[in-house]
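The values are calculated or read from the model by the stated rules, or taken from the named source; none is laboratory data. Note that the structure is predicted; figures quoted are calculated from it, not measured. Positions of Cβ are generated from backbone atoms using ideal geometry, with glycine treated the same way; all protein chains shown enter the neighbour counts. Accessible surface is based on the protein model in full, side chains and every heavy atom, while ligands, DNA and RNA are left aside. Shrake-Rupley method; radii C 1.70, N 1.55, O 1.52, S 1.80 Å.
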Amino acid sequence: MKEIRIQDAVGQILCHDVTQIVRGVVKDAKFRKGHVITAEDIPELLKLGKENIFVWENDETKLHENDAAEILRGICQGENLSATDVKEGKIELKSTCDGVFHVDADKLNEINSLGEICIATVQNKIPVRKNKSVAGMRVIPLVIDKEKMASVKEIAGDVPLMKIAPYKNFKVGLVVTGSEIFHERIQDTFTPVIEAKLKSFGLEINWRRMSDDSKEMTREKILELLSLGAEMIICTGGMSVDPDDRTPAAIISTGAEVVTYGVPVLPGAMFMLAYKDDVPIMGLPGCVMFCSKTIFDLVLPRIITGERLTCKDFTTLGVGGLLQWKA
């Protein structure tokens, strides 16, 4: 690539897009990379403020920004992601379905730390809708060393850095606990909240069971739902540390493997997740009933993609885990 006077550029190959910006009207390339400059182009380029222009010189050690962007796309684009055409050296990735966005953050950070590389994404492991832009990528200069792009590919390896995990159609069982509800002394106001949150992901409550505060009855209801074929079980209430809050003990007594009881998220600190074989069993604290966003909203989308969560998935939620707070 070399810089020459615009008057000397006739017959030369443009090595970058030249953008026209008219506020409120247009922001797009007036001349594209690869365009052979003609005498008629000179006045137009001068109007765009281009008294000098960069034209292409063949250099076996360098890659043009567009070609480098395609390499970045190749290492990033995984399952359920589509790519835009390269434009002004940039490529975007968009989701092709509803699901949860995943990115290998460690590798992405290492690649960005090489310098002259820009890969930006939405937050990791958040729910996204179809056609949502989730990532953009480019290199900073107009040309970049081929050796640096070789390092990019080496760090990335053979597995794409990004993907969308799609939602699955889970059969859901619900156990509503509390003697006051079981004996119909008060109305169950927890179930409508769960129904609404499930509906936003195309799910419904397939079975609903009521239980008093006893560990034995709650355990019995959970096991009954498992025998019916529930693929996810939600237990509401009885999750605090009060003596009559026995839902955690009931979940444990089924033989389920506990991943966590207590998480660094507010509201929702008293959340429990366990697995009985491959079936997730969640214990939801009362805040889910009256707070608009809680730990349940962070966990549910990931669970219904089929992801099996670990203790580390919860211990790292503290930064950003203050969802709402009343002074």
Open item on the list: Per residue, how large is the accessible surface of segment 74-126? Use a 1.4 angstrom probe and give square angstrom.
Closed with: 47 Å²
Open item on the list: Give me the dipole magnitude in Debye, nearest 20, for segment 67-193 about the Cα centre, with unit charges on the beta carbon: positive for Lys and Arg, negative for Asp and Glu.
Closed with: 340 debye
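Let me confirm the definition first: pairs of Lys residues in segment 78-177, 8 or more apart or on different chains, C-alpha distance under 13 Å. How many are there?
Working: LYS94/LYS130; LYS94/LYS132; LYS94/LYS163; LYS107/LYS153; LYS125/LYS163; LYS130/LYS163; LYS132/LYS163.
Lysine pairs satisfying the spacing and distance rule in segment 78-177 number 7.
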Task: Theoretical gain in end-to-end length, THR61 to VAL10 [0.36 nm per residue, Cα-Cα removed] - done: 15.8 nm
- [ ] Return, ordered by residue number, the residues of segment 67-88 whose backbone nitrogen is under 16 Å from a label point located 7 Å along Cα→Cβ of ASP28.
- [x] 85-88
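Taking the Cα centre of the chain as origin, sum charge times position over the Cβ atoms of Lys and Arg (+1) and Asp and Glu (-1), and report the length of that vector in debye to the nearest 20.
With Lys and Arg at +1 and Asp and Glu at -1, about 640 debye.
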Open item on the list: At a threshold of 8 angstrom on Cα-Cα distance, excluding pairs fewer than six apart, so keeping six or more, what relative contact order does segment 183-294 reach in percent?
Closed with: 23 percent
Open item on the list: Over the chain, what is the relative contact order in percent, taking alpha-carbon pairs closer than 8 angstrom and at least six residues apart?
Closed with: 13 percent
Open item on the list: How charged is the neighbourhood of GLU44? Take every other residue with its Cβ under 15 Å from the Cβ of GLU44, and add Lys/Arg as +1 and Asp/Glu as -1.
Closed with: -1
Task: Reported label for calculated Cα extents along the principal axes in Å given [x] 60, 50, 36; [y] 90, 42, 39; [z] 61, 57, 32 - done: [y]
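Would you mind getting me the FRET efficiency between VAL241 and ARG185? Use the beta-carbon distance for r and R0 = 25 Å, nearest 0.05.
Working: r = 24 Å, r/R0 = 0.94.
Given R0 = 25 Å and the Cβ-Cβ separation, E is 0.60.
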Open item on the list: What FRET efficiency comes out for VAL36 versus GLU79 if R0 is 45 angstrom and r is the Cβ-Cβ distance? Round to the nearest 0.05.
Closed with: 0.70
TODO: Would you mind getting the accessible area per residue of segment 29-70, heavy atoms of the protein chains only, 1.4 Å probe, in Å²?
DONE: 58 Å²
Task: Pairwise label distance in nanometres, LEU46 with TRP207, each label 7 Å out on the Cα-Cβ vector - done: 8.1 nm
- [ ] On a C-alpha basis, how far is the centre of segment 1-27 from the centre of segment 163-220 in Å? Whole number, if you could?
- [x] 62 Å
- [ ] With all protein chains present, calculate the accessible area of ARG308 using a 1.4 Å probe and round the result to the nearest 10 Å².
- [x] 110 Å²
Open item on the list: Using 0.36 nm times the number of residues separating LEU114 and CYS311, minus their current alpha carbon distance, what extension gain do you get?
Closed with: 67.7 nm
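Counting only protein heavy atoms, what percent of the accessible surface of the chain is carbon or sulfur at a 1.4 Å probe? It would help to have the intermediate numbers written out before the result.
On the way: 8360 of 16830 Å².
That fraction is 50 percent.
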Task: Full-stretch length increase - GLU3, LYS293 - with 0.36 nm per residue and alpha-carbon distance subtracted - done: 98.9 nm
